[in-house]
1. I need the helices (runs of 4 or more DSSP H) fully contained in the range 1-118, keeping only those with at least 2 residues that are more than 8 Å from the ligand (Cβ to nearest atom) and touching a helix residue (DSSP H, G or I) at 6+ places or on another chain (Cβ under 8 Å).
2. For the range 119-137, how many residues meet the condition of being within 13 Å of the chain's Cα centre (by Cα) and not in a helix (DSSP H, G or I)?
3. Within 16 Å of the ligand (Cβ to nearest atom), free of Cβ contacts under 8 Å to residues at least 60 places away in the same chain and of a type in the set (A, V, I, L, M, F, W, C) - does that describe any residue in the range 125-140?
4. What about Lys151, is it within 18 Å of Val177 (Cβ to Cβ) and more than 15 Å from the ligand (Cβ to nearest atom)?
5. Are there any pairs with C-beta distances below 7 angstrom linking a residue in the range 102-119 that is on the phi > 0 side of the Ramachandran plot to a residue that is surrounded by fewer than 23 Cβ atoms within 10 Å (Cβ to Cβ) and modelled with pLDDT of 95 or more, with the two at least 6 apart or on different chains, and if so which?
6. Out of the residues in the range 156-215 that are assigned to a helix (DSSP H, G or I) and acidic (Asp, Glu), state the one that is surrounded by the fewest Cβ atoms within 10 Å (Cβ to Cβ).
7. Using beta carbons and a limit of 6 Å, which pairs, at least six apart or on different chains, have the first residue in the range 26-39 and farther than 12 Å from Thr68 by Cα and the second one of a type outside the set (Asp, Glu) and not in a strand (DSSP E or B)?
8. Do the conditions hold for Ile191, that is, is it among the β-branched types (Val, Ile, Thr), away from the ligand (no atom under 16 Å from the Cβ) and more than 15 Å from the chain's Cα centre (by Cα)?
Amino acid sequence: MKIVLSLGGSVFGDVDRIKKFAEAIEEINCEKLFVVVGGGKTAREYINKARKLGADETFCDYIGIGVTRLNAMLLISTLKDAVKKVPKDFVEAYELSKMSRIVVMGGTFPGHTTDATAALLAEFVGADLLLNATSVNGVYSEDPRKNKNAKRFERLKANELVEIVRRGEIRAGSSNVIDLLAAKIIERSKIKTIIFLGEPENIKKVIEGDVSGIGTVIE
Ligand code: UTP
């Protein structure tokens with residue numbers, strides 16, 4: 001079984017938290033595991049500074065990608081069976097996976113977030129499962145921070161996910177549970193996906209199929 005795990009930078013955190021995630025990752029029982037790490041607060045800080053200094057958006061994306069790769073190196077620092085190299089694209093990730101059970105990477109190219117990177121990687125390597133660890137406990141009909149009555153889903157079809165994300169993206173600056181490109185790739189590749197609250201102990205639960213209260217299964 002091949003699994004791609006997307007760890008949003010917002011769930012990544014300090015040294016203790018990274019160690020806890022690393023322990024949970026090492027316990028995942030599968031043939032190949034690809035972890036895609038986000039940039040979180042550090043990426044946002046760097047991007048904001050670069051914008052103020054006059055950088056264009058594509059250059060800001062490259063800065064964000066740089067931070068995601070640094071975070072990937074942090075995770076590699078504490079993993080025992082991961083390759084000590086951060087692949088820059090999917091072909092390299094696939095090649096490195098021949099050398100080791102775990103491959104950790106950050107972003108690839110400008111224009112999207114690591115949600116989409118993880119979905120594209122899952123498609124490219126033929127993953128059986130895509131796990132997206134995020135800061136909310138699943139997909140809601142609307143942003144639950146803005147509307148207390150938003151409905152939480154435990155199961156969704158991929159085309160329903162695309163519609164929910166599309167509605168969210170209409171509002172400028174809205175922070176969606178997953179980016180639109182990622183939702184579209186999940187729809188076309190038909191890879192089973194679980195979007196869940198990114199806590200180390202939740203990784204095992206969702207792999208075992210228990211998403212109650214913590215996530216949404218897309219299939
Ligand atoms: P993230 O995936 O961390 O974005 O990438 P995010 O929106 O902050 O996600 P969370 O909150 O961690 O879940 C950080 C930035 O890096 C650039 C984008 O600018 C993104 O906002 N990036 C990342 C790319 O341009 N391409 C990639 O493949 C990945």
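1. Answer list for the range 1-118: 15-26, 40-52, 57-78, 90-96.
2. Within the range 119-137, residues that are within 13 Å of the chain's Cα centre (by Cα) and not in a helix (DSSP H, G or I) number 8.
3. Among the residues of the range 125-140, not one is within 16 Å of the ligand (Cβ to nearest atom), free of Cβ contacts under 8 Å to residues at least 60 places away in the same chain and of a type in the set (A, V, I, L, M, F, W, C), which makes the answer no.
4. So Lys151 passes the test.
5. Gly111/Asp61
6. Among those that are assigned to a helix (DSSP H, G or I) and acidic (Asp, Glu), it is Glu201.
7. Cys30/Met1; Glu31/Met1; Lys32/Ser97; Phe34/Leu121
8. In short, no.
The values are calculated or read from the model by the stated rules, or taken from the named source; none is laboratory data. Just so we're clear, the structure is a prediction, and the values are computed from it rather than from any experiment. Backbone-built Cβ (ideal geometry, glycine too); neighbour counts: all protein chains shown.
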